[in-house]
Amino acid sequence: MTPTDLRTYLAALVRRQLRLSVMIWGPPGVGKSSVVAQVARDGDLSFIDLRLGQLAPTDLRGLPVAEGKVARWLPPEFLPVEGAGVLFLDELNMAPPTLQGIAQQLILDRRVGSYVVPDGWFIWAAGNRKEDRASVFDMPAPLANRFVHLEVLPDFESFRRYGIDAGFHERILAFLSYRPTLLHKLDPARPAWPSPRSWEMANALYEAGLDVAPAVGPGAAAEFEAFAQLYEKLASIDEVLRGRGDRVGFPAEPSARYAVTVALGLRAQTSEQAVGAFRWLAGRGGAEWVQLYLGNLVAQMRARGLMGVLATCMREEPAFGEFVRDYQALLNE
């Protein structure tokens with residue numbers, strides 16, 4: 001499933017109060033923990049993220065303290081004692097078998113020693129797969145059988161929506177629209193390689209005027225820099241948005257087409273700009289470019305609370321409304 005599908009699935013568990021133990025599988029950097037944190041925020045739930053691969057068994061079980069002639073286990077302070085939330089056990093299969101055994105008690109019995117997980121808490125976990133070249137341990141069959149298993153894979157559309165909501169630079173989003181295969185490309189020979197997580201870091205570096213190679217690696221960075229230089233020359237975008245695009249032609253070079261189309265979708269703020277850009281693209285670019293434009297337009301207007309502008313566009317331009325209805329999924333994202 002995509003990260004968007006994962007978010008929808010987990011939100012349904014929260015909404016229906018299904019406290020099933022969930023194991024989320026996927027490659028590193030795909031956004032598993034970010035999705036879980038977002039679902040917790042959307043559900044007004046507390047969120048505790050435990051990286052099991054970095055814990056020792058006593059960190060999770062607690063410490064024994066003598067009380068008379070018996071020992072009582074004092075649980076760690078990071079485990080919840082009240083309220084409602086998501087207890088997220090990340091890197092579960094990177095933990096050694098002894099720690100996985102303690103985690104098994106927490107997951108299966110919702111308790112460790114004398115500690116009991118409060119009723120209002122969901123217990124979800126995540127881990128990487130062996131094929132992702134991660135240093136993981138096999139999960140015991142009894143533990144695996146108690147989970148609902150979800151596998152999440154990189155997906156550009158999910159990343160685009162997340163990036164627009166988070167205010168990513170339009171050049172990052174335009175470049176990955178053009179080169180979606182570089183959204184996630186594991187390179188075991190280098191420490192830095194492209195993933196949704198590293199592109200988020202690259203966005204911060206780019207906004208600060210710094211080289212993005214330390215985040216996404218030299219290959220992806222070189223392609224992005226070449227694309228960014230092309231982007232600087234696209235002065236025609238503002239002309240189209242001002243309604244002066246009659247003499248502006250649609251670029252012939254594919255990367256420039258992606259740059260112009262994404263920029264129009266992310267920059268249009270009024271119904272006049274949105275309809276003007278639509279007419280310009282529809283007359284020059286064809287259906288696939290209009291669809292790309294509308295996907296970005298709808299996402300950025302939703303993120304900015306401007307959905308009323310889209311309704312105005314559909315009233316003012318019948319062709320705009322017809323096209324949106326043909327691609328109704330754009331409004332249901």
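The values are calculated or read from the model by the stated rules, or taken from the named source; none is laboratory data. The shown structure was predicted, so the numbers you read here are calculated from the model rather than taken from an experiment. When we count neighbours, we look across all protein chains shown, and the Cβ atoms used for this are built from the backbone with ideal geometry, even at glycine. Each accessible area value is taken on the protein alone, full model and side chains, heavy atoms only, with ligands, DNA and RNA left out. Shrake-Rupley method; radii C 1.70, N 1.55, O 1.52, S 1.80 Å.
Assorted remarks:
- Among GLY101, GLY249, GLY276, the largest mean-square fluctuation in a Gaussian network model of the chain, built with springs joining Cα atoms closer than 10 Å, belongs to GLY249.
- Summing Cβ point charges (Lys, Arg +1; Asp, Glu -1) relative to the Cα centre of the chain gives a dipole of roughly 400 debye.
- Dipole magnitude of region 1-71 about its Cα centre (Cβ charges: Lys, Arg +1; Asp, Glu -1), debye to nearest 20: 140 debye
- Given charges at beta-carbon only (K, R positive; D, E negative), |dipole| of region 38-182 in Debye: 320 debye
- Dipole orientation for the chain: of the candidates VAL116, ALA103, VAL86, VAL116 has the Cα lying most toward the positive pole (charges on Cβ; Lys, Arg +1; Asp, Glu -1).
- Working note: Karplus 6.51/-1.76/1.60 with θ = phi - 60° gives region 249-264 the couplings x, 7, x, 8, 7, x, 5, 5, 4, 4, 4, 5, 5, 5, 4, 4 Hz, where Gly and Pro are set to x.
- Considering only VAL112, VAL65, VAL248, the mean-square fluctuation computed in a Gaussian network model of the chain, springs between alpha carbons under 10 angstrom, is largest for VAL65.
- Other-chain or far-sequence residues with amide H under 5 Å of SER46's (modelled H): ALA84, GLY85, VAL86
- Computed per residue of the chain from DSSP H runs no shorter than four, each worth -39500 (n - 2.57), the mean residue ellipticity at 222 nm is -15000 deg cm²/dmol.
- Among GLY217, LEU230, PRO196 - extreme Cα towards positive end, dipole of region 194-247, charges at beta-carbon: LEU230
- Computed on protein heavy atoms with a 1.4 Å probe, the accessible areas place HIS169, HIS149 in the order HIS149, HIS169, largest first.
- A simple rule links phi to the HN-Hα coupling: the Karplus curve 6.51 cos²θ - 1.76 cosθ + 1.60 with θ = phi - 60°, which for region 110-126 gives 6, 7, 9, x, 8, 7, 10, 5, x, 4, x, 9, 8, 10, 10, 9, 8 Hz, with x for Gly and Pro.
- For the chain: rounded, prolate or oblate by the Cα gyration tensor [a/c cutoff 1.5]: prolate
- Remark: accessible surface ordering of THR261, THR98, THR312 (largest first) is THR98, THR312, THR261, probe radius 1.4 Å.
- Estimated translational D of region 144-266 in µm²/s (Stokes, Kirkwood radius over Cα pairs; 10 °C; 1.306 mPa s): 101 µm²/s
- Longest site-free stretch - the chain; sites: trypsin sites (Lys or Arg not before Pro), DSSP loop, at most 10 other Cβ within 10 Å: 70-232
- Of all accessible heavy-atom area on the chain, the percent that carbon and sulfur account for (1.4 Å): 51 percent
- Low-density loop positions, chymotrypsin sites (Phe, Trp or Tyr not before Pro), region 154-251 - DSSP coil, at most 12 other Cβ in 10 Å: none
- Per residue value of the accessible surface for the chain (all protein chains in place, 1.4 Å probe), Å²: 48 Å²
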